[in-house]
Amino acid sequence: MITATDEPLHVLDLPQIYQKPSGTDLLKTLALLALQPRSFGISAEAVKGPAVQPAGVTRYLTSIISSPLSWLDTEELREAVWDAAASRLSERSGRTAMPAMSRIFDIPTSTDNLGMKTWVSSYLLSRRLHNFSIEPSAGHSTTSYKKPLRALELGSGTGLVGLSFAALQGKAATVHLTDLPEIVPNLAHNAALNVELLNTTDATVTTGVLDWSVTPSPLPTAEERFDVILAADPLYSPKHPQWLVDTIQPWLSRGLDARVLTEMPLRDAYIPQVQEFRKRMMDIGLAVVEEGEEIGYDDWEGSDGESLAVKCWWSVWGWSEKI
């Protein structure tokens, strides 16, 4: 990791096009080369630039823009690299040629674009996934051939949980990430940007729209149901407990090995919804297999300048033997 006290890198120390570096490495390098504008805040201090010697950077950026990047796996990944390189070049071409600037402002607000943010419970559930041993549902296949388990993420948002599950399971699973229509384009974009990791693990990921408020018609067949359903921080409306459970019920495989993995914050305002979710899950015949609480930290600060600690409840559910 490069710090402000490290000796600045030479441009030849960066990943070179002839080496066919991964898209991930190129994007990290281009982020390192970003020139940050001054803030409009009360301090006149500019954000420090990258720890790279300026000589040769323009030629380096031009080499990326002119390359077809044919070794990268998706057009979305290539476009992301070209766009980032073009932005870095524009930043070095004078004020009138500079691209749109991104600045960070501290402005009080009560509004969040929920689907475009990664929440603390998503991170915690992603980190916990490797602890779960999950097999395809006993009712999923009647053949001796062991099919990949099918996983469905509800309310995927940025897709961290589903993508993490796919990377961990590899070819042992196919994972379908879902959310509302306005969220899915960004979700699909994130999946495309992670194609190198997914290809390395032979994971299969798809994305699509799934509205919890709409009852599927016709109902899913046994082959269409999922062995695993994932949901992180899914409750932020009084209607969500019912909608969520009403979505889990038809889409979850009926085998005793089927599992629902959830994690949600225990914020005071949403405790009644968490309690309602638990009751409704039990009412449809699901029981808690494992559960626990843990502390995570939101990515914004409290009034004292410290990160806000959030208590979260994780749970693993399965059908009771009566089902």
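The values are calculated or read from the model by the stated rules, or taken from the named source; none is laboratory data. In this text, all values refer to a predicted model and were calculated from it rather than measured experimentally. Don't worry about glycine lacking a Cβ; one is built from the backbone with ideal geometry, like all the others, and counts go over all protein chains shown. The protein model used for the area step is the full one, side chains on, heavy atoms only, and it has no ligands, DNA or RNA in it. Shrake-Rupley method; radii C 1.70, N 1.55, O 1.52, S 1.80 Å.
List pairs: first in region 148-163 and closer than 14 Å to Leu180 by Cα, second in a loop (DSSP other than H, G, I, E, B) and of a type in the set (Ser, Thr, Tyr), Cβ under 8 Å, 6+ apart or cross-chain?
Qualifying pairs under 8 Å: Gly157/Thr118; Thr158/Thr118.
Can you confirm whether Glu196 is part of a helix (DSSP H, G or I) and surrounded by fewer than 22 Cβ atoms within 10 Å (Cβ to Cβ)? Walk me through it before giving the result.
Values: part of a helix (DSSP H, G or I): yes; surrounded by fewer than 22 Cβ atoms within 10 Å (Cβ to Cβ): yes.
So Glu196 fits the description; yes.
Any idea how many residues of region 115-136 are hydroxyl-bearing (Ser, Thr, Tyr) and modelled with pLDDT of 90 or more?
Number satisfying all stated conditions: 4.
Gln169 - would you say it is open to solvent by 20 Å² or more (accessible area, probe 1.4 Å), of a type outside the set (Ser, Thr, Tyr), over 26 Å from Ser22 (Cβ atoms) and part of a helix (DSSP H, G or I)?
no
Only one residue in Glu291, Glu301 is open to solvent by 10 Å² or more (accessible area, probe 1.4 Å) and at pLDDT below 95, so which one is that? If you could, list the steps in order and put the result at the bottom.
Values: Glu291 fails: at pLDDT below 95.
Of Glu291, Glu301, the one residue that is open to solvent by 10 Å² or more (accessible area, probe 1.4 Å) and at pLDDT below 95 is Glu301.
Answer with yes or no whether Val228 is under 23 Å from His130 (Cβ atoms), open to solvent by 30 Å² or more (accessible area, probe 1.4 Å) and of a type outside the set (Lys, Arg).
Here the answer is no, as Val228 does not meet what is asked.
Looking at Pro181, Pro250, Pro216 in this structure, which one is surrounded by fewer than 21 Cβ atoms within 10 Å (Cβ to Cβ), assigned to a loop (DSSP other than H, G, I, E, B) and in contact with a Pro (Cβ under 8 Å, 6 or more places away or on another chain)?
After applying the criteria, what remains is Pro216.
Conditions tested, residue by residue: (1) surrounded by 12 or more Cβ atoms within 10 Å (Cβ to Cβ); (2) under 21 Å from Ser90 (Cβ atoms); (3) touching a strand residue (DSSP E or B) at 6+ places or on another chain (Cβ under 6 Å); (4) at pLDDT below 95.
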site: Leu14; (1), (2), (3), (4): yes, yes, no, yes
site: Tyr18; (1), (2), (3), (4): no, no, no, yes
site: Gly49; (1), (2), (3), (4): yes, yes, no, yes
site: Thr74; (1), (2), (3), (4): yes, no, no, yes
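Can you tell me how many residues in region 219-247 are over 21 Å from the mean Cα position of the chain (by Cα), of a type outside the set (A, V, I, L, M) and part of a loop (DSSP other than H, G, I, E, B)?
So the count comes out to 8.
For Ala172, work out the one condition from (1) in contact with a helix residue (DSSP H, G or I) (Cβ under 6 Å, 6 or more places away or on another chain); (2) modelled with pLDDT under 95 it doesn't fulfil.
The number of the failed condition is (1).
For region 258-288, give me each residue that is under 26 Å from Thr118 (Cα atoms), without any contact (Cβ under 8 Å) to a residue 40 or more places away in the chain, open to solvent by 20 Å² or more (accessible area, probe 1.4 Å) and hydrophobic (A, V, I, L, M, F, W, C).
Those that are under 26 Å from Thr118 (Cα atoms), without any contact (Cβ under 8 Å) to a residue 40 or more places away in the chain, open to solvent by 20 Å² or more (accessible area, probe 1.4 Å) and hydrophobic (A, V, I, L, M, F, W, C): Ala269, Ile271, Val288.
Which numbered condition trips up Thr62, out of (1) open to solvent by 70 Å² or more (accessible area, probe 1.4 Å); (2) modelled with pLDDT of 90 or more?
So Thr62 meets the others, but not (1).
From the list Gly255, Gly162, which one is of a type in the set (Gly, Ala, Ser), open to solvent by less than 20 Å² (accessible area, probe 1.4 Å) and over 16 Å from the mean Cα position of the chain (by Cα)?
Values: Gly162 fails: over 16 Å from the mean Cα position of the chain (by Cα).
Unique residue meeting the criteria: Gly255.
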